[in-house]
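Beneath this line is the structure, given in structure tokens, with notes to follow.
The values are calculated or read from the model by the stated rules, or taken from the named source; none is laboratory data. None of the values given here were measured: they were computed from a predicted structure. Virtual Cβ from ideal backbone geometry, glycine too; neighbours counted across all protein chains shown.
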Amino acid sequence: MDETTVIITDQTGRIDKVLSEEFADFTRSQLADWIKAGLVTVNGKTVKTKYAVKNGDAIVINPPAPVELDLTPQDIPLDIVYEDDDLLVVNKPQGMVVHPAAGHEDGTLVNALLFHSPLSTINGTFRPGIVHRIDKDTSGLLMVAKNDKAHQSLQAQLKAKKNLREYIALVHGNIKEDRGTINAPLGRSTNDRKKQAVVKDGRDAVTHFEVLKRYEGYTLIKAILETGRTHQIRVHLAYIGHALAGDPLYGPKKTLAGNGQYLHAKTLGLTQPTTGEELVFDTPLPDWFQAALGKLKPVDDGNEIDVSSL
């Protein structure tokens, strides 16, 4: 990202919090580091991270150049659900990392995408084409930008909450309500830096859910994202006492066997950046997920949904 200016109008709060809400692609801690390094100025002057913004403030962000990574295109099979000149929609398998990072320098989705197609450059060489992410151990649909114009359009759709993002999740315990909404702000945990948590001054986070089927000890739900914070579904469901089955970070030790959380990004809706066409994509539950459901004992609550159709 080049030097950018933000004029404060109705935003309130600490500068790091306000900027993290303005720029979904940067974390609050990342922005705080830039503020401490003097890369962010307010009305021409450097400030501390606790600075409270005021109406009329002109905030200039001059981010550092992205860290250059030697990204190697790799001929890794891709499950491409949709492709045009602007974007791809990919069905990511569980266990695949989205982009290179420490400990995962290759074998990622980005390495595979670079072999297949040109990608947008907005995120520099760090995350080319990546508009949004899903966790390594979450399977399902991900949209990828081929050019910068498409990237900006898709990013704006996410910020405006215009995308349809529906997940299928298997959680511990029986959720009594047939549907509900979890509205709880999220931020980095003060107890464990690897975790996100519900925190008072966190970023707004809203997850809607609908119960699909109840089993002995578990509930299968549809989770609909209104916002897309890091680990949002995992943290929100653990927060209400129904952690994802198999979740190694937020779930109980005694859980279903597997290679990570039982969470699948099933449905994705977006607006095609050039034509304006509304597109919706759907992908079935992976075989390993269906197999696990087949071993559970359903609860007779009058719900006759056929999970094999999911």
Query raised in the report: Of all the residues that make up segment 252-285, how many are over 30 Å from ALA160 (Cα atoms) and in contact (Cβ under 8 Å) with a residue 12 or more places away in the chain?
Result: 6
Query - Residue that is farthest from the chain's Cα centre (by Cα), among those in segment 257-294 that are part of a loop (DSSP other than H, G, I, E, B) and under 17 Å from LEU244 (Cα atoms) - result: ALA257
Report summary line: By residue number, the members of segment 257-270 that are buried (at least 17 other Cβ atoms within 10 Å of the Cβ) and more than 14 Å from THR138 (Cα to Cα) are LEU268, GLY269, LEU270
Requested in this report: Please verify whether segment 248-268 includes one or more residues that are hydroxyl-bearing (Ser, Thr, Tyr) and under 14 Å from GLN94 (Cβ atoms).
Outcome: yes
Query raised in the report: Would a scan of segment 222-245 turn up a residue that is small (Gly, Ala, Ser), surrounded by fewer than 22 Cβ atoms within 10 Å (Cβ to Cβ), under 22 Å from LEU19 (Cβ atoms) and at pLDDT 95 or above?
Result: no
Requested in this report: Tell me which of these ALA184 doesn't satisfy, since it passes every other one: (1) more than 19 Å from THR27 (Cβ to Cβ); (2) at pLDDT 90 or above.
Outcome: (1)
Report task. Could you tell me whether LYS254 is of a type outside the set (S, T, N, Q), assigned by TED's automatic domain parsing to the domain that holds ASN191 and surrounded by fewer than 16 Cβ atoms within 10 Å (Cβ to Cβ)? Result -> yes
